[in-house]
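Below is one structure, written out as structure tokens; comments come after it.
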Amino acid sequence: MLRRILGSHPLGLAFAAPYLIFIGVVFAYPIVFAVWMSFHDYFFAAPGAVVDRPFVGFDNYVTVLTDPDVWRSFGNVGIFLIINVPLTVALSMLLATALDRVARAKTFFRVAYYVPYVTASVAVVAVWLFLFSGNGLVNNLLGPLAPEPSWLINSALAMPTIALFVTWKGLGFYILLYLAALQNVPRELYESVSMDGGGRIRQFFSVTVPSVRPATLLVVLLATITGANLFTEPYLLTGGGGPNGASTSPVLLIYQRGIEQGNPDIAAAIGVILIIFVLIIAALQRRLVGGEDR
Amino acid sequence: MRRRIIPVAGAAAAILALSACSGGSGGGAGGMDSRGDITIWYSNNEAEIAWAEQMVESWNAENPDEQITAQEIPAGSSSEEVISAAITAGNAPCLIFNTSPAAVPEFQRQGGLVDLTDFEDGEDYITERSGDLAEQYRSEDGGFYQMPWKSNPVMIFYNKALFAEAGLDPENPSLSTYDEFLETSRTLSEAGVAEYAINPAPTSEFFQSWFDFYPLYAAETGGTQLVEDGAATFDSPEGEAVADFWRTLYAEGLAGQEQYQGDAFADGYSAMAIVGPWAISVYGDTVDWGSVPVPTSGGTAPEETWTFSDAKNVGLFTACENKGTAWDVLKFATSEEQDGLWLEATGQMPLRQDLTGTYPDYFAANPAYEQFGDQASRTVEVPNVPNSVEIWQTFRDGYSESVIFGEGEIPTFLSDTATEVDGLAAGD
């Protein structure tokens, strides 16, 4: 009986136990608890308070799915992903390829691209506010071509501006992923394309792009997850999701509903829907980009 | 596969069951008359820290067996979130001298606050100290879950130098009616003395309406709250007049639609600001300022003008072990003597009746504060209703769209938002 429970190598359980406990406490419990909250009339209460938290079935999900603010926030993140993900993949792949071929000051360029990634958004946002405010540098350069209303208070441009900011900020990390992937591309492949008369562009599309496909899938997935978790940038760049909620992300809405307004059950329901949304997008991307080494 | 799932699911169910049970025990074990050491939190601005330190020192010197341990409220994106988290964790201090009235209904629902009328002299102490103003802080069940403490009646500050530069009278500015205010703003704008005539934060946070729409709405209605008797009040000619006024300011570029990084008034980016007397110590040395009551459509006399209180109160939390001591400290900290020291240290108005009559020497020595002292008797608080924060966020979203960015009609915004607010106030 004991052997049946512990298996043929009980010592292995002892080695695995710390990790299992860590995963259980840090990942599994919060997720399971969030799902539980989303099916109850739940709110945070003092340890001493006697409160009723009845099971409400799908009521919270109905509330969420009939809330136009929620739909809008998912639409906003959709706009974000459409801009951010392709731009991240294209720019990081191109820059990584270029960096891979740079002979001099390689470290300088790598650090230069990486610095925005490791700098806190709170610090970098001030620079972007300076650049993209109504009388900021970008509008001064554009002159009469400057948008009216300006970037961050323009309901059509606020989310694309945030997408650009996040792309720029995260680029360094994705470049490093591609640089690592490029180390595994055999040089002979480039030489053979070259022997067949293929130039740099041909080499890029025929060798580099297919060779780094696993890295591309990883970049796409990470960029999508980053986008789905968007919070700091709209919170700071557009003062809490403005204008008119045009830059409100689902996570910002979770914060408002759950923390500011004291409705963690509704926030949990949005969170569960967000997880499903990300899983669907990731599955579609995997099918489109292709993740298997063939 | 099935064999693997069952133990995991069982463990998860056990954890959930335990967590569900943990919501039902108790706050601080001590009763209402329990005595001993207590902890308190206070706000983190310099003047308030100085006052709190002397108050604690003074109490501790006289009460060796009931010592206060005090600290600034822990940093967070807002004090409301910090307090809510502390309530949930069960480690809230006994007293917090920075409790926002808008958050009180939620803290009450969480079971985090003590009803101060449960103390034998609670009801009498609060109503005698604050008079009629206290009623705005009474909860729906008739209790007081907050001690009305201090207010910052919101008024219009203006930059005298910029007014003079624009050819306006800096001693008697024409800002009483909406028409006068708009005309003065246009003059300031045409003279190019500042980027904007006035620049309240145009951002989407739920509390921003307390510093643009709400003070003017209080003035226009003679002291009506946003929600009264469980229903929104702002879908009215008065609400529309206020919204129209602000929309004109934004539409004509007299107020900014974009968030300013810094203090627009202190930096001369705007010629006027809409703030409370806390700003006096901030602007005192940097700006030659004057202040007037907020405008109304018809030009109400200053002595009859209402405004938003921007109050912060004191909460006594259920996690407190020694509630008897906490109540005594609360009365000590809001005594006539301590309120006087508070006034001296911060310039913010204690929420007590006949303020100017109680501290005549202070107001004689500080005439700049006198009108705030007088104004403090005509302040409107945020409504003490369920879903308070959600109501303000709903209002802000609609206001932002139709007033700040001019999309959609104001009557539609008012009626649609009022319908939503009615539902939220009913607890839906």
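Structure data summary
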read-out	value
Cα-based Kirkwood hydrodynamic radius, region A:1-106, one decimal, Å	20.1 Å
Cα gyration tensor shape of region A:183-294, rounded if a/c is under 1.5, else prolate or oblate by comparing a/b with b/c	prolate
Projected label distance in nm at B:Ser236 and A:Val127, using a 7 Å step from Cα toward the beta-carbon	5.1 nm
Loop sites in region B:69-146: GluC sites (Glu not before Pro), DSSP, at most 13 other Cβ within 10 Å	B:Glu120, B:Glu140
Approximate shape of the protein assembly as shown as ellipsoid semi-axes (Cα gyration tensor, √5λ), whole Å, largest first	49, 37, 23
Burial order of peptide ranges A:282-289, A:98-105 (average beta-carbon count within 10 Å, highest first)	A:282-289, A:98-105
Integer Hz, Karplus 6.51/-1.76/1.60 couplings in order for region B:334-351, x for Gly and Pro	10, 6, 4, 5, 5, 4, x, 5, 4, 4, 4, 6, 10, x, 8, 8, x, 7
Debye intensity ratio I(q)/I(0), log10, region B:283-349, q values 0.12, 0.19, 0.20 Å⁻¹ (C-alpha model)	-0.59, -0.96, -0.99
Förster radius 41 Å - calculated FRET efficiency between A:Arg4 and A:Arg213 (Cβ-Cβ, nearest 0.05)	0.40
Accessible surface buried upon A-B contact (total; probe 1.4 Å; Å², nearest 100)	3100 Å²
Whole-percent carbon and sulfur share, accessible surface of chain A, 1.4 Å	70 percent
Contact order relative to length of region A:69-289, as percent, for alpha carbon pairs under 8 angstrom and 6 or more apart	29 percent
Å² per residue, accessible surface of chain B at 1.4 Å	39 Å²
Normalised alpha carbon radius of gyration of region A:146-193 [divisor 2.2 N^0.38 Å]	1.95
Listing of region B:373-410 residues, each with accessible area lower by at least 50 Å² in the full protein assembly than in the chain alone (probe 1.4 Å)	B:Glu390, B:Gln393, B:Phe405
Sequence-distant residues sharing a close amide H with B:Glu228 (under 5 Å, placed H)	B:Thr233
Dipole in debye (nearest 20) - region A:189-294, about Cα centre, beta carbon charges: Lys, Arg +1; Asp, Glu -1	240 debye
Cβ-derived FRET efficiency at R0 45 Å, A:Thr232 paired with B:Thr177, nearest 0.05	0.55
Distance histogram in 10 Å bins (all Cα pairs of region A:69-289, percent per bin)	8, 28, 31, 21, 10, 2, 0
Rounded D (µm²/s) - region A:9-63, Kirkwood Rh over Cα pairs, Stokes-Einstein at 37 °C, 0.692 mPa s	237 µm²/s
Rounded if a/c under 1.5, otherwise prolate or oblate - region B:42-85, Cα gyration tensor axes	oblate
Accessible surface of chain B, 1.4 Å probe, proportion on carbon and sulfur as whole %	47 percent
Semi-axes of the equivalent ellipsoid for chain B, Cα gyration tensor, largest first, Å	39, 29, 19
Region B:332-428: Cα Rg divided by the 2.2 N^0.38 Å rule of thumb	1.57
Cα centroid separation, region A:152-223 to region B:47-73 (Å)	60 Å
Karplus-derived HN-Hα couplings along region A:54-59 (A = 6.51, B = -1.76, C = 1.60, θ = phi - 60°), whole Hz, x at Gly and Pro	x, 5, 10, x, 8, 3
For A:Ile225, solvent-accessible area (1.4 Å; no DNA, RNA or ligand), Å²	70 Å²
Separation of alpha-carbon centers, region A:87-141 and region B:250-270, rounded to whole Å	30 Å
Principal-axis tilt of helix B:323-333 within chain B, Cα atoms, nearest 10 degrees	20 degrees
Computed Kirkwood radius, in angstrom, where 1/r is averaged over Cα pairs of region B:74-189	17.7 Å
Angle between chain B longest axis and helix B:2-22 axis [Cα atoms, degrees, rounded to 10]	70 degrees
Computed [θ] at 222 nm, helices only, for the protein assembly as shown once each DSSP H run of length n ≥ 4 contributes -39500 (n - 2.57)	-16000 deg cm²/dmol
Electrostatic dipole magnitude of chain B [Cβ: Lys, Arg +1; Asp, Glu -1; Cα centre; debye, to 20]	1740 debye
Beta bridges by DSSP in the protein assembly as shown, antiparallel share as percent, to the nearest 5	60 percent
Amide H contacts under 5 Å for B:Val275, placed H, 5+ residues apart	B:Met155, B:Phe157
Cα-centre dipole for chain A with unit charges at Cβ (Lys and Arg positive, Asp and Glu negative), debye to 20	1020 debye
Complex-versus-alone comparison for region B:104-129, residues with a loss of 40 Å² or more in accessible area, probe 1.4 Å	B:Arg109, B:Gln110
Cα-only Debye scattering, region A:118-225: base-10 log of I(q)/I(0) at q = 0.19, 0.23 Å⁻¹	-0.93, -1.15
Whole-Å distance, taken between Cα centres, linking region A:29-43 and region B:282-300	49 Å
Calculated from backbone phi, Karplus (6.51, -1.76, 1.60) coupling profile of region B:244-257 in Hz, x at Gly/Pro	4, 4, 5, 4, 4, 4, 6, 4, 8, x, 8, 10, x, 8
Rounded to 10°, Cα long-axis angle of helix B:178-191 versus longest principal axis of chain B	70 degrees
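The values are calculated or read from the model by the stated rules, or taken from the named source; none is laboratory data. All figures in this text were calculated on a predicted structure; none of them were measured in a lab. Every residue, glycine as well, gets a Cβ built from its backbone with ideal geometry; the counts of neighbours run over all protein chains shown. SASA here: full protein model, heavy atoms, side chains in, ligands and nucleic acids out. Shrake-Rupley method; radii C 1.70, N 1.55, O 1.52, S 1.80 Å.
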